[in-house]
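The values are calculated or read from the model by the stated rules, or taken from the named source; none is laboratory data. Because the structure is predicted, anything quoted here is derived from the model rather than measured. Cβ placement follows ideal geometry from the backbone for every residue including glycine, while neighbour counts extend to all protein chains displayed.
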Amino acid sequence: MSSLAPTFLLAAALIAQHPPGGTPAPSAEDVARLEAKHLKHIRQVTSGFARAGEGYFSPDGRSIIFQAVPNLPPSIFHRPKPDEDGYQIYLGALTEDSPARMVSTGKGRCTCPYFHPSGRSILFASTHLEPSTTAEPPRGPAYSRTARYRWDFPESMDIFAADLDGKNLVRLTDAPGYDAEASYSPDGSRIVFTSFRDGDAEIYIMDADGKNPRRITHAKGYDGGPFFSPDGQRIIYRSDRKGNDLLQIYVNNTQGTAERALTSNEFVNWGPYWHPDGRQIIYATSKHGHANYELYLMDVDSGADERITYQEGFDGLPVFSPDGKRLMWTSSGRTADRKSQLFIADFTLKPETPHAAASAAR
């Protein structure tokens with residue numbers, strides 16, 4: 001739900017650019033040392049897909065739901081089919097060699113999956129009611145910095161709820177234009193999402209059954225990727241308010257009356273997600289180059305931030321497990337073929353200092 005519409009950003013985020021000032025990449029040893037401050041036991045989660053990403057934990061932390069493009073079967077003189085390079089939604093248990101099963105329809109393009117807080121149903125966006133008729137991706141209002149740095153918002157994208165196996169699919173939005181980037185409130189009674197229904201990409205909150213949508217943001221420019229805070233009182237999202245296609249992170253209340261910018265810089269900042277403590281967020285930024293998005297942790301109240309990842313390549317769409325003890329994100333720089341897959345690590349919010357650890361050992 002990410003989504004910048006994170007689903008469509010992944011390919012764009014991998015465009016080769018040199019980092020500011022030509023800073024040399026850190027060595028593998030330096031990367032491991034720097035990342036070990038907060039991350040332990042980093043391992044790849046998904047495999048067997050052409051690419052995968054934007055994963056979310058189930059409420060009990062035992063399963064994940066994510067988007068992925070299945071590998072094409074071997075063939076000769078392949079003729080591309082409509083939507084064959086589009087994401088579908090998959091669900092699987094976080095156990096060794098657990099199968100990942102498709103829970104979307106297999107038609108159209110999908111994005112932004114999410115678990116209901118009860119753990120008994122799911123949410124995602126899809127174009128399957130109006131799938132593409134050609135091999136060209138569907139076009140709609142597009143977000144773009146350059147001709148290559150862009151992603152699209154298909155007008156036929158709507159939000160759906162379903163059982164964990166994808167059955168009993170229920171359409172929740174039917175307004176004209178793109179509806180996606182949705183997630184539940186902690187109690188499951190509300191859904192926050194992005195919509196073009198009023199002509200501009202704005203944040204809305206609706207009841208969990210799709211009724212009573214109300215607009216939260218009212219400024220010109222893209223607003224997207226919203227998430228409720230753990231107490232359900234605030235939302236976090238990304239916005240392009242200056243018309244320069246550089247996204248900034250914002251926090252607001254659920255009435256839309258207390259908006260505050262958390263970043264204001266010359267970079268693309270996106271994919272913010274709350275830590276269970278309700279004070280910290282984690283997000284991705286292009287501060288180190290558009291081929292090298294990295295994850296940063298920020299204290300929402302103080303504004304203090306700290307770099308978390310150092311691996312060259314794309315690291316983005318980070319999410320915490322419900323207990324805050326694991327971090328999962330999408331990475332292309334950590335795979336042999338440089339294709340995006342999900343990674344997971346044990347996470348420590350406030351690691352022990354060497355002095356503290358030595359004192360505890362005595």
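You will find that of 141, 99, the residue that is more than 21 Å from residue 227 (Cα to Cα) and at pLDDT below 95 is 141 and no other. Answer yes or no: is there a residue in region 116-138 that is in contact with a Gly (Cβ under 9 Å, 6 or more places away or on another chain), modelled with pLDDT under 95 and of a type in the set (Gly, Ala, Ser). Yes, because at least one residue in region 116-138 is in contact with a Gly (Cβ under 9 Å, 6 or more places away or on another chain), modelled with pLDDT under 95 and of a type in the set (Gly, Ala, Ser). Output the residues belonging to region 206-226 that are assigned to a strand (DSSP E or B) and buried (at least 21 other Cβ atoms within 10 Å of the Cβ). The answer is 223, 224, 225, 226. Remark: pairs (first residue in region 30-51, farther than 20 Å from residue 92 by Cα; second residue among the basic types (Lys, Arg) and in a strand (DSSP E or B); Cβ separation under 8 Å; 6+ apart in sequence or on different chains) = 34/307. Here region 80-109 is the region considered, the condition is being hydrophobic (A, V, I, L, M, F, W, C) and in contact with a Gly (Cβ under 7 Å, 6 or more places away or on another chain), and the residue that is nearest to residue 170 (Cα to Cα) is 103.
So that you can scan it fast, the table gives a plain yes or no per residue for (1) within 23 Å of residue 305 (Cα to Cα); (2) in contact (Cβ under 8 Å) with a residue 40 or more places away in the chain:
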{"position": "181", "(1), (2)": "no, yes"}
{"position": "239", "(1), (2)": "yes, no"}
{"position": "243", "(1), (2)": "no, no"}
{"position": "262", "(1), (2)": "yes, yes"}
{"position": "269", "(1), (2)": "yes, no"}
{"position": "276", "(1), (2)": "yes, yes"}
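Can you find a residue in region 77-90 that is crowded, with 21+ Cβ neighbours inside 10 Å and free of Cβ contacts under 8 Å to residues at least 24 places away in the same chain? Looking through region 77-90, at least one residue is crowded, with 21+ Cβ neighbours inside 10 Å and free of Cβ contacts under 8 Å to residues at least 24 places away in the same chain.
Restrict the check to region 177-188 and report whether at least one residue is assigned to a loop (DSSP other than H, G, I, E, B) and either among the hydrophobic types (A, V, I, L, M, F, W, C) or more than 16 Å from residue 116 (Cβ to Cβ) (or both). Checked against the condition, which is being assigned to a loop (DSSP other than H, G, I, E, B) and either among the hydrophobic types (A, V, I, L, M, F, W, C) or more than 16 Å from residue 116 (Cβ to Cβ) (or both), region 177-188 yields at least one hit.
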